[in-house]
Amino acid sequence: MTVTTNSPIASLQLLSNRSRTRPPNPPPSKLRPPRLLLPLRTRYASSSSSSFRPSSAMDDSTCPCLFPLHRCKILHLVRHAQGVHNVEAEKDEKAFLSPSLFDAPLTPLGWQQVDNLREHVHASGLLKRIELVITSPLLRTLQTAIGVFGGEGYVDGMNVLPLMVANAGNSGRSAYSSSNCPPFIAVELCREHLGVRPCDSRRSISEYGPLFPAIDFSLIEDDKDVWWKADVREPNEDVAARGTKFLNWLWTREEKEIAIVTHSGFLFHTLKEYGKGCHPMMREEICKHFANCELRSMVLVDRNMVGKDPPVTNYPGKIPAGSDLPSDTAHKKLNEKTI
């Protein structure tokens, strides 16, 4: 079942307003990110900064940067809350290979983490600014995304679909409404490190549909999980390349402020590429591993002019038209006449 809902800024880089553009297939491993990624000074549950002190001869990466607003997007990156696989692997790393952890759900502690982040998102006013929620199509990310950014409790008889039905994935949770929240879409490109570990394999989309009726799964081409291979673990560089493709794809979206709920490995390998060339303190902010249910806000900057977003807040001036010779230009012309 596939349902689409209609719900009513230093730097990172990457196209613009075809909202149903399908993400590209898995990428080649040598792709380097052409864009820049820097932290927006707001975060949740992150650790303290590095004690590195810059010398007087730092490179250009220490200089402040200015970018046109319409060449930027704000991304709120979230790692899923604690999953059953996180707990079991803490006891024995071999548990990652257990078939019983297939598409692992959140733990009760994970749901508490979700509730706390939800409170932060509401109290900070962040939820009101987010135009779109993108989630990896695995149970733990779907549950996290809905629990943090979804609408208030759903009851039978409402004239909207639930984002998540009651007890989805044996969560013990009541249903979540799709009203008074951004639209949600599932995107395959932001999945966790692929292969070998059953916890990183997903269910069929036809199984997810009835559990998450108001999530748009239409951008996922295959009902079955054809990306995950039982005997091949995706190389780290391929994860980073896939992450770059995902961030490039974001520029096919018209939304300017987007929440993305994804995974530790995906975030680490993707962001590590973007931290190259940054000031060491900023690199630390960008590249360190995410904690469960941590949120970091980043600015995505389209330095390669890939996107097509218009400068909606710019104003051309000279309306009505009139003389407006700048003083520095006038001074230059005066000097030219006296020579």
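The values are calculated or read from the model by the stated rules, or taken from the named source; none is laboratory data. Everything quoted here is computed from the prediction, not taken from an experiment. Using ideal geometry, Cβ is built from the backbone for each residue, glycine included, and neighbour counts are taken over all protein chains shown. Note: areas computed on protein heavy atoms with side chains; ligands, DNA, RNA excluded. Shrake-Rupley method; radii C 1.70, N 1.55, O 1.52, S 1.80 Å.
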Starting from the range 255-279, keep only residues that are assigned to a loop (DSSP other than H, G, I, E, B), then list their pairs with residues that are open to solvent by 10 Å² or more (accessible area, probe 1.4 Å) and not polar (S, T, N, Q) whose Cβ atoms are within a distance under 6 Å, requiring at least 6 positions of separation or different chains.
-> Glu255/Glu131; His263/Glu192
Residue hits (the range 58-117; of a type outside the set (Lys, Arg), assigned to a helix (DSSP H, G or I) and within 30 Å of Asp302 (Cα to Cα)) are Asp60, Ser61, Thr62, Leu69, His70, Leu117
Arg197: passes all of (1) surrounded by fewer than 20 Cβ atoms within 10 Å (Cβ to Cβ); (2) over 19 Å from the mean Cα position of the chain (by Cα) but (1)
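Please specify each residue of the range 224-246 satisfying the condition of being among the small types (Gly, Ala, Ser) and closer than 13 Å to Arg197 by Cα.
Hit for the range 224-246 is Ala230, nothing else.
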Just to be sure, is Val165 β-branched (Val, Ile, Thr) and touching a helix residue (DSSP H, G or I) at 6+ places or on another chain (Cβ under 9 Å)?
-> yes
Any chance the range 113-135 includes a residue that's within 23 Å of Gly195 (Cβ to Cβ), modelled with pLDDT of 95 or more and within 24 Å of the chain's Cα centre (by Cα)?
-> yes
Under the condition of being in contact with a Pro (Cβ under 7 Å, 6 or more places away or on another chain) and open to solvent by less than 10 Å² (accessible area, probe 1.4 Å), which residue from the range 268-296 is nearest to Thr244 (Cα to Cα)?
-> Tyr274
Expected output for the range 77-95 (first residue at pLDDT 95 or above, partner buried (at least 24 other Cβ atoms within 10 Å of the Cβ) and among the hydroxyl-bearing types (Ser, Thr, Tyr), Cβ below 7 Å, 6+ apart or cross-chain) is Val78/Thr144; Arg79/Thr262; His80/Thr141; His80/Thr144; Ala81/Thr144
Determine whether the range 219-235 contains at least one residue that is outside any strand (DSSP E or B) and open to solvent by less than 10 Å² (accessible area, probe 1.4 Å).
-> no
Right, Lys73: open to solvent by 70 Å² or more (accessible area, probe 1.4 Å) and among the basic types (Lys, Arg) or not?
-> no
Working carefully through the options Val196, Val187, find the one that is farther than 22 Å from Val114 by Cα and of a type in the set (Val, Ile, Thr).
-> Val196
Scan the range 154-178 residue by residue and report those that are of a type in the set (Ser, Thr, Tyr) and more than 25 Å from the chain's Cα centre (by Cα).
-> Tyr154, Ser174
May I ask you to verify whether Glu254 is surrounded by fewer than 21 Cβ atoms within 10 Å (Cβ to Cβ) and modelled with pLDDT under 95?
-> yes
Within the range 150-164, how many residues turn out to be of a type outside the set (Asp, Glu) and surrounded by fewer than 24 Cβ atoms within 10 Å (Cβ to Cβ)?
-> 9
Kindly indicate the residue of the range 120-149 that is more than 23 Å from Thr107 (Cβ to Cβ) and in a loop (DSSP other than H, G, I, E, B) and also most open to solvent (accessible area, probe 1.4 Å) among those meeting that condition.
-> Glu131
